[in-house]
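*Asks:* Input: one structure, supplied below.
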Amino acid sequence: MSDSPSWAWPGHLHTLGPFEVPGFPSRKASVYVPGGDPTPLHERPVLYLFDGQNCWTDWGSYSGGWYAHEAVQALVGDGAFRAPVVVGLEHGGERRIDELSAWEMAPGRGGGAEPFFEWVVHHFMPHVQHTLGLASGPLHTVMGGSSMGGLAALWSHYRYPHAIGGALCMSSAFGVGGKALFPFVESCAKPAISRVYIDCGGQEGGGRMLATSEEMVHLLARKGYPEGGLLWRPDPGAGHNEQAWRRRLPDALRFMFRR
């Protein structure tokens, strides 16, 4: 961090990359370091968000941004929370479905999450940690996303519990691949360090996504999450869109990053 003058400017978005991803399109990542926080970078948590094109402002996003930088900045100064560094990793365009699902969803679609996340966990995250001077390991690392990104966040948390300590899952596509995520999670031990946030709108998929998300919450609860380790937030009037995720993000952050 100290060898790169631009990192002396907290409160600004910074670009990393482009990164070459074996077997997938190259892409960039954006990083937001909250300003006004005296906590040393090596003590801060990190939130990795998928679909990085949609994390910030409306510019360049599919249908509006999450404004994650504003939501995180609002946590600074509140002693009940730790404001994370946010890393938005861009998706691979037409290969997005392939890289975010561990299971085939249709012939030739999906099923590439294993090699993609080998790169994320063993190459991309260490690069970010080294470049910014951030800590590694599950105590400092949360994955998050919406739709396919929410699916990938929970899968990666249970697949790599030694590296990822939580999942922030918004409107997650838990039903893809014939609900293949369910037996996978059922077969895994609950990670020693685990905090999971799940939400969904009642208008998504004719209500089917809400029911599937609630089913996943019940599965996780049976694993014995302590109070404060698992939060389910149904949003009955909401649809599947960036506006809903932007509105719910501040509360999701407060749950995931409370002290």
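Throughout, read-outs are computed from the coordinates displayed, never taken from laboratory work. Computed from a predicted model, the values in this text were never measured in an experiment. Ideal geometry is used to build each Cβ from the backbone, glycine not excepted, and the neighbour counts take in all protein chains shown.
*Asks:* With θ set to phi - 60° and the Karplus curve 6.51 cos²θ - 1.76 cosθ + 1.60, what are the ³J(HN,Hα) couplings of the range 160-172 in order, to the nearest whole Hz, using x for Gly and Pro?
*Replies:* Taking θ as phi minus 60°, the curve returns 10, x, 6, 10, 10, x, x, 9, 10, 10, 10, 6, 6 Hz for the range 160-172.
*Asks:* While we're looking at this one, here's another question. Given a cut-off of 31 Å, what percent of all Cα-Cα pairs of the chain lie beyond it?
*Replies:* 17 percent
*Asks:* OK, next. May I ask you to compute the full-extension gain from CYS188 to HIS218, defined as 0.36 nm times their residue separation minus their alpha-carbon distance, rounded to one decimal in nm?
*Replies:* So the extension gain works out to 9.3 nm.
*Asks:* Quick one: work out the % antiparallel among DSSP beta bridges in the chain, nearest 5.
*Replies:* 35 percent
*Asks:* Can you list residues from other chains, or at least 5 along the same chain, whose modelled amide H is less than 5 Å from the amide H of ARG195?
*Replies:* Those lying under 5 Å, H to H, from ARG195 are GLY166, ALA167.
*Asks:* Ok, one more. Nearest 10 degrees is fine. How inclined is helix 208-221 to the longest principal axis of the chain, computing both from alpha carbons?
*Replies:* 80 degrees
*Asks:* Then there's this: Of the candidates ARG222, ARG248, ARG233, which one comes out as most mobile in a Gaussian network treatment of the chain with C-alpha springs shorter than 10 Å?
*Replies:* Largest GNM mean-square fluctuation: ARG222.
*Asks:* Report the FRET efficiency, 1/(1 + (r/R0)^6), for THR39 and ARG233, where r is their Cβ-Cβ distance and R0 is 45 Å, rounded to 0.05. Show your work: numbers first, answer last.
*Replies:* Details: r = 27 Å, r/R0 = 0.60.
Using R0 = 45 Å, I get an efficiency of 0.95.
*Asks:* Under 19 Å between alpha carbons, and skipping anything fewer than 8 positions from LYS190 in its own chain: which aspartates and glutamates qualify?
*Replies:* GLU214, GLU215, GLU227
*Asks:* Using a simple charge model, +1 on the beta-carbon of Lys and Arg, -1 on the beta-carbon of Asp and Glu, nothing else, what dipole does the chain show about its Cα centre, in debye to the nearest 20?
*Replies:* 460 debye
*Asks:* In the range 137-259, with Lys and Arg counted as +1 and Asp and Glu as -1 at Cβ, which of these residues, CYS188, GLY175, PRO161, has the Cα nearest the positive end of the dipole, that is, farthest along it?
*Replies:* The residue sitting most towards the positive pole is PRO161.
*Asks:* Dipole of the range 83-166, Cα-centred, from +1 at each Lys and Arg C-beta and -1 at each Asp and Glu C-beta, to the nearest 20 debye?
*Replies:* 160 debye
*Asks:* While we're looking at this one, here's another question. Rounded to the nearest 0.05, what FRET efficiency do GLU70 and ALA106 have when you use their Cβ-Cβ distance and R0 = 41 Å?
*Replies:* Once rounded, the FRET efficiency stands at 0.65.
*Asks:* Continuing with this model, one more query. Give me, ordered by chain and number, the residues 5 or more places off GLY202 or on other chains with an amide H under 5 Å from its own placed amide H.
*Replies:* Under 5 Å from the amide H of GLY202: ASP235, GLY237, ALA238.
*Asks:* For the range 104-114, just list the computed ³J(HN,Hα) in residue order, Karplus coefficients 6.51, -1.76 and 1.60, θ = phi - 60°, integers in Hz, with x standing in for Gly and Pro.
*Replies:* Rounded to whole hertz, the list is 5, 9, 7, x, x, 10, x, x, x, 5, 4.
*Asks:* Something else now. How much net charge surrounds GLY92 when only other residues with a Cβ under 10 Å from its Cβ are counted (Lys, Arg +1; Asp, Glu -1)?
*Replies:* Values: positive: ARG27, ARG95, ARG96; negative: GLU90, GLU94, ASP98, GLU99.
Taking every other residue near GLY92 into account, the sum is -1.
*Asks:* If you split all Cα-Cα distances of the range 136-224 into 5 Å bins from zero, what percentages do you get per bin, shortest first?
*Replies:* 3, 16, 28, 27, 16, 7, 3, 0
*Asks:* Once a ≥ b ≥ c are taken as the square roots of the eigenvalues of the Cα gyration tensor of the range 194-248, is the result rounded (a/c under 1.5), prolate (a/b larger than b/c) or oblate (a/b not larger than b/c)?
*Replies:* Numbers: a/c = 3.27, a/b = 1.67, b/c = 1.96.
Note, shape of the range 194-248 comes out oblate.
*Asks:* If the only charges are +1 at each Lys and Arg Cβ and -1 at each Asp and Glu Cβ, what is the size of the charge dipole of the range 155-217 around the Cα centre, to the nearest 20 debye?
*Replies:* On the way: 5 positive and 5 negative charges, 41 e Å.
Charge dipole of the range 155-217: 200 debye, to the nearest 20.
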